[in-house]
Ligand code: GDG
């Protein structure tokens, strides 16, 4: 039976050695917490690091680790202390983590980290290779493994690979700082489906792909080497019922069965019924805004002295990445800040901040969630923030207020929270006051709305949505591959060609016989193009027709005296070998002077673009412009032209990095049909690379062999990768 292979840096278990004995405990952290329920429910294998370096365990222990891991459906990737230093503490946490969270000043770019990151991603790929079987799906997680999708795809091209990024994908302006930016993007693009928490992360990713790799993006798809790659938004959910039910059962417990923490919280509230609890839970990380939170809480106490003695901030900080300098420094700063606030404000009966620097068992987490009146979560940047969702799910009486930083992914879905800018101390202080004085009715209304959403889009839905989207992407790819020109289809075409006595070949020019250049005038026919076309045209059984959007002057310059029919301006003009140019129909061009100023305006304010004038059309070229600006302006221009051409017999064509406005009624399909006329051919062939060639594919007879260059949506029968493959095929026809 096929399985899902989940791959993440850490296995969802923590294994430690105690006197030759192994202790296995669940890992803390968003990813582990979330995916655990997926792992349990299905047929799956989880590949990751166990938490013990190779140096820490002897062979005997290795066997035990192996056994303990496989009992949980896990496989350990053996990593050394040096691996961890370079790949995990180094590149992952000192380079990617700060950069992707916009802490550019913390990011270190060291070659030795990068080397290790590549090596370790390769180690993961090797372990995957040992366990992968035909039909398996792969789901790679997070920023530690950005290169892995490509490494797997290279070895197993047919395997469906999903990748999910749990942290933000930064804006292009930040991502471009990374010295190994193209390698990272290419690594990610080995996946067939890429998942992000929010639309912004997806859009930033696409923007970097477009600008750094130059790939076209259609809606949310990219086609690379005939493979469709899709990116989409999957805001990670939580195991809602687990939190909700745990809160209920915790409330129902008799006093003596409650945890010690719960009993202490109860006791405290009994003695100080006026004190309200404000809770925060996070890993001790500079992205989580813990310092800001303390400053804001201090400011709140100053600004609203009525809460002195009446509001306590319970702050649970889970130790994290203690080997990284910034984390150590931040830890001392936070210790100091807590000390200062408590020193300044504490009374015999009241301590403003209860600070726990440790991790707690799940039941205690529930105790904290359900006993707190307010959750105060102030990250400077956070991919999602599951704590916000867990807090809301744990409010079984629907009372409680969530104050949430607008810099978290969760804020995009939780608009009923009090959203704050984590750098605005005043706004946070006001939000705390608002939360503590919010009427029950409003609290209930807000919490219930969020609960309904969280219950519906829970972790299972998140995972199943991702997996079905991965399956769908795979299906779309298969559809494409069946169209791809295989050796077998190529042989059939060659056979058909050989047997035919009267053949006609319609060939588009740019992108089909030659590659694109910055300026159209530079894309001259190569010696190879002339040689292939001449050889084809020399066969008396053949008619060669070049059918292009180019102007007739250029084609005259390049092909006069040649034995081919030339069709230019999408069919407006035609010229038989040794004949004269003939216009297809009388065409009114009065519209040109009306549209010229508008087109010139776009040319002027979009650097790198230029306007080409043909007899019956204008073409605005934007290949050389800044890619994003170009696409943006192209959309703007299309919009504007659409409203203007309504009363004219005009149409807008969108070609490869060009927008063309031309008289309607002429297109490559109609031109081809005119050329075929009443002749009957036993081999009709059409090849082209862009949208304007779809007319050709559509109008050629059903029996025609139609070929599209590149893998985009097409009605052509087959697709072929590049113009070089077209030339190779034309060569084979005449061999
Ligand atoms: C990354 C992204 C994204 C915390 N302390 C204890 C404990 N936890 C659990 C919480 C929660 C998880 O850890 C923390 O998740 P977050 O989402 O808040 O943050 P990260 O660890 O930074 O996770 C983040 C996430 O991935 C998922 O995509 O949301 O943006 O940075 O589940 O409950 N659990 C226990 N004891 C603790 O002391 N048992």
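Criterion applied to 181, 203 was being away from the ligand (no atom under 14 Å from the Cβ), out of contact with any strand residue (DSSP E or B) (no Cβ under 6 Å at 6 or more places or on another chain), farther than 19 Å from residue 91 by Cα and assigned by TED's automatic domain parsing to the domain that holds residue 114, and the one residue passing it is 203. Listed by first and then second residue, the pairs linking a residue in the stretch 357-370 that is over 16 Å from residue 392 (Cα atoms) to a residue that is near the ligand (Cβ under 9 Å from one of its atoms) and outside any loop (DSSP other than H, G, I, E, B), with Cβ atoms under 7 Å apart and 6 or more places separating them unless they lie on different chains, are 357/317; 359/318; 360/316.
Restricted to the stretch 373-422, the set of strands (runs of 3 or more DSSP E) holding at least 1 residues that are free of Cβ contacts under 8 Å to residues at least 40 places away in the same chain, assigned by TED's automatic domain parsing to the domain that holds residue 277 and within 14 Å of the ligand (Cβ to nearest atom) comprises 401-405. Within the stretch 99-118, if we keep just the residues that are without any contact (Cβ under 8 Å) to a residue 40 or more places away in the chain and over 17 Å from residue 185 (Cα atoms), the residue that is surrounded by the most Cβ atoms within 10 Å (Cβ to Cβ) turns out to be 116.
Residues that are away from the ligand (no atom under 16 Å from the Cβ) and free of Cβ contacts under 8 Å to residues at least 24 places away in the same chain occur in the stretch 303-319; there is at least one.
Among the residues of the stretch 682-735, which ones are part of a strand (DSSP E or B) and closer than 17 Å to residue 544 by Cα?
Residues satisfying the conditions are 683, 684, 685, 686, 687, 688, 705, 706, 707.
Taken as a whole, the structure leaves residue 655 outside the set of residues that are under 38 Å from the mean Cα position of the chain (by Cα) and buried (at least 19 other Cβ atoms within 10 Å of the Cβ). Exactly one residue out of 205, 163 is without any contact (Cβ under 8 Å) to a residue 60 or more places away in the chain and not in a strand (DSSP E or B): that is 205.
With respect to the conditions (1) away from the ligand (no atom under 15 Å from the Cβ); (2) surrounded by fewer than 17 Cβ atoms within 10 Å (Cβ to Cβ); (3) within 13 Å of the chain's Cα centre (by Cα), residue 213 falls short on a single one, namely (3). Could you tell me whether any residue of the stretch 325-335 is under 28 Å from residue 270 (Cα atoms) and exposed (fewer than 15 other Cβ atoms within 10 Å of the Cβ)? So far as the stretch 325-335 goes, no, none of its residues is under 28 Å from residue 270 (Cα atoms) and exposed (fewer than 15 other Cβ atoms within 10 Å of the Cβ).
Looking at the structure I just gave you, is residue 294 over 23 Å from residue 168 (Cβ atoms), exposed (fewer than 15 other Cβ atoms within 10 Å of the Cβ), in contact (Cβ under 8 Å) with a residue 12 or more places away in the chain and more than 16 Å from the ligand (Cβ to nearest atom)? So residue 294 fails the test.
Residues that are within 27 Å of the chain's Cα centre (by Cα), surrounded by fewer than 24 Cβ atoms within 10 Å (Cβ to Cβ) and either within 16 Å of the ligand (Cβ to nearest atom) or modelled with pLDDT of 95 or more (or both) do not occur anywhere in the stretch 423-446.
Could you say whether any residue in the stretch 331-345 is farther than 29 Å from residue 245 by Cβ, within 16 Å of the ligand (Cβ to nearest atom), assigned to a strand (DSSP E or B) and modelled with pLDDT of 90 or more? No, that holds for no residue.
Counting only strands (runs of 3 or more DSSP E) wholly contained in the stretch 561-631, the ones carrying 3 or more residues that are over 43 Å from the mean Cα position of the chain (by Cα) and free of Cβ contacts under 8 Å to residues at least 60 places away in the same chain occupy 581-583. Summed over the stretch 320-330, the residues that are without any contact (Cβ under 8 Å) to a residue 60 or more places away in the chain and either part of a helix (DSSP H, G or I) or near the ligand (Cβ under 9 Å from one of its atoms) (or both) give a count of 6.
The values are calculated or read from the model by the stated rules, or taken from the named source; none is laboratory data. Note that the structure is a prediction, hence the values are computed from the model and not measured. Using ideal geometry, Cβ is built from the backbone for each residue, glycine included, and neighbour counts are taken over all protein chains shown.
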